[in-house]
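Here is the structure we will look at, set down as structure tokens.
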Amino acid sequence: MKTSMLLNMMLRGGLLVVIVCFTESCFAGEGYVKQTIDKQLAQLEDLWTAGKTEEYCAQGAAVVRDLITAKGDAGSISTSAMLLKSFSDKEFAVRGSGIGVLSETYDLAVYIANNDKARGLERQKNDALLTEYLGHIRREQIRNFSRLKVLANITPSGVPGGQGVTSGMDPNGISDPVVRSNYLMAIKQNHQNALTNERQSSLKIVEQVSGPIVQHMISTIGQGDVPSTLVTKWLDSGDFNDQEQKEVKEIVDRTGFK
Amino acid sequence: MARADNPASISDMTISALNSPVSYGTTLQATASATATPPVDTVSELTITNTIWLWTATGDTNSVCIETNSENSTDWYWTNAPGGDNTVTITASVTYKCTNMYGPTNISVSCSNTFTVTVIQLTNQCVSTTPSDQTRTTIGVGEQVSLWLVGSPSGTFSWGTSAGSLLYTFGTTNVFTAPDTASTPTVTVYYNSGSSSRVPFNVLEPTSELAVIYQSNLLSYPSGQPLPAGIQGASMELYPITVYPTNVSFYNVECQEQYCAATGIWGYFTNRAGPHARQDWVQLLADNTWADEAGCTNYPAPWSQGGYQWIIPVKWRVVVGSTHTGSLPNRTETFSIDDTNGTTTVSKLVQSVTR
């Protein structure tokens, strides 16, 4: 996944100092770690509230990387869960194109699903979070999506007898305001198509998170004491397909419901 | 039947997996030994005439097992054991061939023990399904490869790479992202015995392009209607434009045409030829293709011969986590009006259209 994508942007955005400070201090001590992460999360929220989406993504990527490259423990799992919830709420509320923090949500979800040692209610909370996340990924995908046309250059729509036009010309070189405006709109549409393609392509890749999420849920059910209503809710929430439902049903049949 | 003063017995089987964990393909070695006590029966005048040891191994190794001797201590060798924790049960049997006052008789005893040998089988699979060989280790810049230890063996595993990046530092699974320049990185997984397994990669950069005309002489995108009669102009949509080499995937690469001034301006286009503007970055598809439009329309009459060209620099970069920008060969795009009827020729990437 595109975990490291935004490190580049982070450097461009001058956030290196913040990240280095975070990296050096992150695992110095448990209490200090929590304080540092809480501070980072608060900064993330501030960036989001201020509409600084790019910086939000950059800093979010750095926090995720630090979390998941550290050896998993209960603290980092619960922090990851909190971060996944925060990212998901924003990502799926506003995104229609581009990839935002999609790759970071994937990394967090896989990390939680593969490293969660919690039991009981704490684990069930994570199942609810993971299945809700999976449902978002699946419902946003466009069925039978065909990639939209994206061109390296666009040819302006000229006016007969007017100024001649060529593909890839500078919009500022067009004197007719209508031709220029239409050209800019076509360029914008081309760009939007590229972002939509990227988003749909990423969603398809990110959906591979379903494997670890289903396994996490099966492990939870295998521990027993999971109400049937909760399992049904998770299946609906994650938009589980027939094969996944069958896998879950097999473990339910062996374990039984509370 | 003989009455034993001391019945035969066998016990104390010890097994040591001498070199577990091992890398896949390495011969596994184990040593087993057991202590057998022969039967004694003075009443029936029991005499042992021969002692036969038989060693067998069963388990989920699905491997070739070679026993090297038949004494009370044996060495075992396995080849082709699969990745993961392999449970093997070794059984030792001793048969005492005896005679007593009643005639010949056999007395057999056996014991068994189970041990685990861990095989580290590091497997790699390219994320992109194009090219179809996902096991390839020749990959494109920025390409991603899933890595995992087959059978999820027990133990502690840490990961490292000489270039590029890894998603995780610990665990039995990982995702490797190739660096943004041509290189030969090696991904290594270290395990608790201090040993390691590795996968060497060969990372390639984009080198060249080849274009095909998909359709021609249409009004500009997104209209898609044919150019009307009486309007000067020619255009072509180039698709696919394939970026080589194609034995890797550049799905994580984006390309961009750069600014360039018009050169070689003559005739009709004198004082009419403008520069080529820098365009948006366009991400390549998994099969290394992208698309373009080359057109020249609506120049006013009266027409006369003339032309110009753009020598367009083309840059590429890895979409994620990269500061490096590389170059593809320049694209030469030419425009000409060939006669007083406004017949126009547009050429780009060695393809050409005249209308």
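Quick notes on this structure:
- Neighbour-count ranking [beta-carbon atoms within 10 angstrom, fewest first] of B:W78, B:W148: B:W148, B:W78
- Among B:T74, B:T105, B:T114, the largest mean-square fluctuation in a Gaussian network model of chain B, built with springs joining Cα atoms closer than 10 Å, belongs to B:T105.
- Sorted by Cβ neighbour density within 10 Å, fewest at the top, the residues A:D127, B:D85: B:D85, A:D127
- Segment B:235-330, relative contact order [Cα under 8 Å, separation at least 6], %: 39
- Treating r as the C-beta distance of B:S183 and B:S11 and R0 as 56 Å, the FRET efficiency rounds to 0.45.
- Interchain or long-range residues, amide H under 5 Å from B:L349's placed H: B:T332
- Amide H to amide H distances under 5 Å link B:V319 with B:V253, B:E254, where only residues 5 or more positions off or on other chains count and H is placed in the peptide plane.
- Percentage relative contact order, chain B, counting C-alpha pairs under 8 Å, at least six apart: 12
- For B:V141, the residues whose modelled amide H falls within less than 5 Å of its own, excluding neighbours fewer than 5 places apart on the same chain, are B:L204.
- Couplings for segment B:264-279, taken from phi via the Karplus curve 6.51 cos²θ - 1.76 cosθ + 1.60 with θ = phi - 60°, read x, 6, 8, x, 3, 7, 4, 6, 10, 8, x, x, 8, 7, 5, 9 Hz in order; Gly and Pro are left as x.
- Residue of B:R317, B:R136, B:R272 that the Gaussian network model of chain B assigns the largest fluctuation, springs spanning Cα pairs under 10 Å: B:R272
- As a proxy for reagent exposure, ranking B:C111, A:C57 by other Cβ atoms within 10 Å from fewest up yields B:C111, A:C57.
- Assigned charges on the beta-carbon of Lys, Arg, Asp, Glu; the protein assembly as shown dipole about Cα centre (debye): 1080
- Charge tally for B:A178 (other residues, Cβ to Cβ under 11 Å; Lys, Arg +1; Asp, Glu -1): -3.
- Report summary: the helix-based calculation at 222 nm, which adds -39500 (n - 2.57) for every DSSP H run with n ≥ 4 and divides by the residues of the protein assembly as shown, gives -9500 deg cm²/dmol.
- Gap separating the Cα centres of segment B:229-289 and segment B:109-127, nearest whole Å: 55
- Inter-label distance for B:I213 and B:D133, nm, one decimal - labels placed 7 Å from Cα along Cα-to-Cβ: 3.6
- With a cut-off of 15 Å between beta carbons, the residues surrounding B:A163 carry a summed charge of -2, where Lys and Arg count +1 and Asp and Glu -1.
- Within the same chain, lysines fewer than 8 places from A:K39 are excluded, and of the rest, those with a Cα less than 29 Å from its Cα are A:K2, A:K52, A:K71, A:K85, A:K90, A:K117, A:K125.
- Beta bridges per DSSP with both ends in segment B:16-133, % antiparallel, nearest 5: 95
- 3J(HN,Hα) along segment A:121-130: 4, 4, 5, 4, 4, 5, 4, 4, 5, 5 Hz, from the Karplus curve 6.51 cos²θ - 1.76 cosθ + 1.60 with θ = phi - 60°, whole Hz, x for Gly and Pro.
- Around B:Y244: net Lys/Arg minus Asp/Glu count, Cβ-Cβ under 14 Å: -3
We did not get these values from a lab; they are worked out from the coordinates using the rules stated. Since we're looking at a predicted model, the values are computed, not measured. When we count neighbours, we look across all protein chains shown, and the Cβ atoms used for this are built from the backbone with ideal geometry, even at glycine.
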